[in-house]
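Contents: one structure, followed by commentary.
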Amino acid sequence: MEPKYILEMHGICKEYSGNPVLKNVDLRIRPGEILALVGENGAGKSTLMNILFGMSVIHSTGGFKGEVLFNGEPVRISSPLDAMKCGIGMVHQEFMLINGYEISENIKLNRENLKKNILQKILGNKLGILDRSQMRSESLAVLNELGLQLEPSTITGTLPVGLKQFIEIARELDKKNIKLIVLDEPTAVLTENEAEKFLNCVKEVSRKGISFIFITHRLKEVKAYADSIVILRDGELVGDYSTESISIERISELMIGRTVNFDRSVDNDRKFSEDYELELKNFSVNMPGEILKNANLKIRKGEILGIAGLAGHGKAAIANGIMGLYPSMGDIFLKGKKIDETDTLQTLLDGVAFVSEDRRGVGLLLHESIETNVVISSLRVYNKFLRRILGIKFYDRKAAKNFTEEMIKRFDIRCTGPSQEVGRLSGGNQQKVCMARAIALHPELLLVSEPTRGIDVGAKKRILDELVEMNTREGTTIIVTSSELAELRSICDRIAIVSGGEVVGILSPFDDSYKFGLLMSGITDLGEKGESDEIRD
Amino acid sequence: MKLGIKVNVGISQFIMGAFIICLLILSSFLGMNTPSLISDSIVRIGMQMIFVLAMLPTIQSGIGLNFGLPLGIICGLVGGLITVEFNMTGFSGLFTAILIGIPLAVVVGIFYGWLLNHMKGSEMTVGNYLNFSVVYLMCIGWMILPFKNGAIVWAMGEGVRSTITLDNNYQQILDNFLSFSIAGVRIPLGMLLFDIILCFLVWMFMTSKTGILMRCSGGNPVFGASLGINNDRMRILSTVISSVLGAVGIIVYSQSYGFYQLYTAPQMMAYPAIASILIGGATTHRATIINVLLGAVLYQSLLTIALPIASEILSNSSLSEILRTLVSNGIILYALTKMGGKKI
């Protein structure tokens, strides 16, 4: 008798060094079903898939709790090879194709058809000769099955991106025992047209009884192609629906969570003059992995603007581009004056400060003392903490030490003293050092990226409070880029959403949760465009 | 950044110091002339100190150990030869040599830094091979440079001699300046003072605004860029300072040694300096003046004291040179294996 479900996962729990990342998650897929797995970055989707594939990262961190049934029978998948034997395949987000090989070689990779010869009989299959005509004809059959008119002898590297994704799926389908294919954001790199074609193809294949787990951020695709939807949030299963029974708005709301009762530490309805501190016009930044295209944004003097969006969609590029750390195009106007973003020093002199999202990589001198890290920016930009002796500027240790001690007190930085190496501090204290450095500059415009990433709750609060304090007391205009939507909603006056490299809309922190989710997944008909000049209050 | 110096001196430096003291005690038991051993090592420390100091700027700017030090050394040699050509003597000869050597080293340092900026990530390899190439290029150069003075050119044929004596010019002029003896140990105070003054100047530079920004740019170039620091220019500045120190260093070295050595002699001069600063506790990306001072003292006294004792015990005359090469290259190799921060 055919079992009802091809795959069942029961009560899956997993923690990484004490932090639970999956809590009691259940998952069931029928044969021929397309199941969409949705959730924000860090909701636990990848961990769940890593468990399914028996990736070593799971076993080296203490395994997981729960039960996996494949075809109705309990299985132990302890390596990707086991998963392959069961008939589980994966189509990766980054192409796992060898560009120099022809299509048939890529499809048949590691499962090549071989001709017999003498050496092979003596020394084993590794020395077999490829049976190219057989490989090509079998590849052609699979490609035809997918409705593709491709010559299997074409070199893969010459194909357009849209077609490469099809080769990946052809490779999985060519495995005779394949029963379940995981698609990890397969449409992220495809245009809308290509994505449609690809998903139609997936749908077609699923009719032949092959199941799909479809991981994506594009909710429209979920609604159009998936049979059922599983929603994860912070490692918990928050929804398991059939697609007909749930609206896109509801999916989005479940993904983001109903964080309506966030604590506002800023007045709700602050009024601002129409003076713009910063204006971006057709601003594009070529930051690898975070590409931004044609962003238009206006930031009013004295406001706190949040920038939200999913990882890899380009939100981090805005601040990095303004500071000239990555090549960019378009115009930046600071207080109405056009600035040259490649001249970082001038940007700093114009009163812009930057706290990088890459704390350990860009934000800190890990081998230097807290003192050096705190004073270095002001020393560089405003010649502070320097004494002139015979016309030469020397480091003023005493002033630097006093200031650092003051900052240590103000931020409650846990350390042995100003001379402690920053590399030895905890993440939260390192972030406080970064903030202290920015404050030492007394900036008019502060760009903060991911201020609370990877730090403990106490430090988070301290840092957010400090941002608000700078804004209200010194009138600093602040742009906060963050993946933590709840935090943005607690301190920002407006929140710009970046998706697919574009500013797709600006929301008020009091807008409904689902709107944020929709905009982040690229559905724009609910929010207003970033290009529009009107400002929502 | 206390005093601009961070003391990263470890237990190994103390052990080495203790070992040297033990050796000194042993030498007197073996009936050797201990005060003369100490005198020798102090002279060698003074001769090599500036080369060790030359390693500091490039480490600070993120280039790492300056394997291309002989580039600067050659500039100093050219300056020195010019003073001999014109029969200059005394302090005026010495300082003229330095004054000619410095601008040459500045030009060479700019070129060297520019080249290294195009080969980031493999500076030490590039520096090493550039060293070899330039030394051999200059082997041709020494043949064709238009020196005329009989003290410089070969008596027969063409080109400059391989060693040029400074007997009549400024041999040991710094060594003898203010020198004195205590308990049979001769202290070449003039040379040591000169070394200390240069160390002080470099230390001052390191605590100046430019010096601090150089360390910051070397420690994390991306961070440097986010502060609008021109990392490439900082690196060029460091190779310039390092080459200038190389040029000054060879003149100080030669006046003490009594000869200018040409042709392939400069080729191996970077290695003892590299080994010294590493033995002093520096790594390929972190070093301080303390590492320079300590390294020069430990390395040179280890070699000048331990090797005569070893040959005394093993009575094999060629042993000392073999051990010298073995120790210095062994230290460099060990330090390079630790470069990635991985334990071996």
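Filtering the stretch B:213-234 to residues that are open to solvent by less than 10 Å² (accessible area, probe 1.4 Å), at the interface with chain A (Cβ under 7 Å from one of its Cβ atoms) and free of Cβ contacts under 8 Å to residues at least 12 places away in the same chain leaves only B:PHE223. Just to be sure, is A:LEU464 modelled with pLDDT under 85 and open to solvent by 10 Å² or more (accessible area, probe 1.4 Å)? When the stated conditions are applied, A:LEU464 does not pass them.
Would you check which residues across the stretch A:339-382 are over 31 Å from the mean Cα position of the chain (by Cα), more than 7 Å from chain B (Cβ to nearest Cβ) and of a type in the set (Ser, Thr, Tyr) and list them? Scanning the stretch A:339-382 gives A:SER378, A:TYR382. Checking A:LYS220, A:LYS176 one by one, the residue that is outside any helix (DSSP H, G or I) and at pLDDT 80 or above is A:LYS176 and no other. The residues of the stretch A:470-483 that are touching a Ser or Thr at 6+ places or on another chain (Cβ under 6 Å) and either of a type in the set (Lys, Arg) or under 19 Å from A:GLU40 (Cα atoms) (or both) amount to a single one, A:THR481. Quick check on A:VAL205: is it part of a helix (DSSP H, G or I) and either within 24 Å of A:LEU159 (Cβ to Cβ) or in the same structural domain as A:ILE167 (by TED's automatic domain parsing) (or both)? So A:VAL205 fits the description; yes.
What do you reckon, is A:GLU105 part of a loop (DSSP other than H, G, I, E, B), of a type in the set (Asp, Glu) and in the same structural domain as A:LEU127 (by TED's automatic domain parsing)? In short, no. Count, please, the residues in the stretch B:127-152 that happen to be assigned to a helix (DSSP H, G or I) and either out of contact with any Leu (no Cβ under 8 Å at 6 or more places or on another chain) or open to solvent by 30 Å² or more (accessible area, probe 1.4 Å) (or both). Count: 14. Are any of the residues in the stretch B:39-51 more than 20 Å from the chain's Cα centre (by Cα) and in a helix (DSSP H, G or I)? No: the stretch B:39-51 contains no residue that is more than 20 Å from the chain's Cα centre (by Cα) and in a helix (DSSP H, G or I). The set of residues in the stretch A:477-513 that are among the polar types (S, T, N, Q), within 20 Å of A:GLY321 (Cβ to Cβ) and surrounded by fewer than 23 Cβ atoms within 10 Å (Cβ to Cβ) contains only A:SER483. Scanning the stretch B:174-212 for residues that are part of a helix (DSSP H, G or I) and within 14 Å of another protein chain (Cβ to nearest Cβ) yields B:PHE200, B:LEU201, B:VAL202, B:TRP203, B:MET204, B:PHE205, B:MET206, B:THR207, B:LYS209, B:THR210, B:GLY211, B:ILE212. Condition first: under 11 Å from A:PRO451 (Cα atoms) and at pLDDT below 85. Now tell me which residues in the stretch A:470-486 satisfy that. Hits for the stretch A:470-486 are A:SER483, A:GLU484. Scanning the stretch A:389-399 for residues that are more than 9 Å from chain B (Cβ to nearest Cβ) and modelled with pLDDT of 85 or more turns up A:ASP396, A:LYS398, A:ALA399.
Can you say whether A:ALA319 is open to solvent by less than 10 Å² (accessible area, probe 1.4 Å), more than 9 Å from chain B (Cβ to nearest Cβ) and assigned to a strand (DSSP E or B), as far as the supplied structure shows? The answer is no for A:ALA319. For the stretch A:95-109, the condition of being free of Cβ contacts under 8 Å to residues at least 24 places away in the same chain and open to solvent by 70 Å² or more (accessible area, probe 1.4 Å) holds for none of the residues. A count restricted to the stretch A:1-22 and to residues that are surrounded by 17 or more Cβ atoms within 10 Å (Cβ to Cβ) and closer than 24 Å to A:GLY257 by Cβ stands at 5. Does B:THR207 fit the bill of being touching a Phe, Trp or Tyr at 6+ places or on another chain (Cβ under 8 Å), of a type in the set (Ser, Thr, Tyr) and farther than 22 Å from B:GLY76 by Cα? For B:THR207, the condition - touching a Phe, Trp or Tyr at 6+ places or on another chain (Cβ under 8 Å), of a type in the set (Ser, Thr, Tyr) and farther than 22 Å from B:GLY76 by Cα - is met.
If we scan the stretch A:147-157, do we find a residue that is within 29 Å of the chain's Cα centre (by Cα), outside the structural domain of A:SER211 (by TED's automatic domain parsing) and either at pLDDT 85 or above or open to solvent by less than 60 Å² (accessible area, probe 1.4 Å) (or both)? Yes, because at least one residue in the stretch A:147-157 is within 29 Å of the chain's Cα centre (by Cα), outside the structural domain of A:SER211 (by TED's automatic domain parsing) and either at pLDDT 85 or above or open to solvent by less than 60 Å² (accessible area, probe 1.4 Å) (or both). Among the residues making up the stretch A:115-134, those that are part of a loop (DSSP other than H, G, I, E, B), open to solvent by less than 100 Å² (accessible area, probe 1.4 Å) and farther than 22 Å from A:GLU151 by Cα are A:ASN117, A:GLY124, A:GLY128.
The values are calculated or read from the model by the stated rules, or taken from the named source; none is laboratory data. Just so it is clear, the model here is predicted, and its values are computed rather than measured. Counting neighbours? That spans all protein chains shown, and the Cβs are built from the backbone with ideal geometry, glycine included. Protein only, heavy atoms only, side chains kept; ligands, DNA and RNA dropped before computing areas. Shrake-Rupley method; radii C 1.70, N 1.55, O 1.52, S 1.80 Å.
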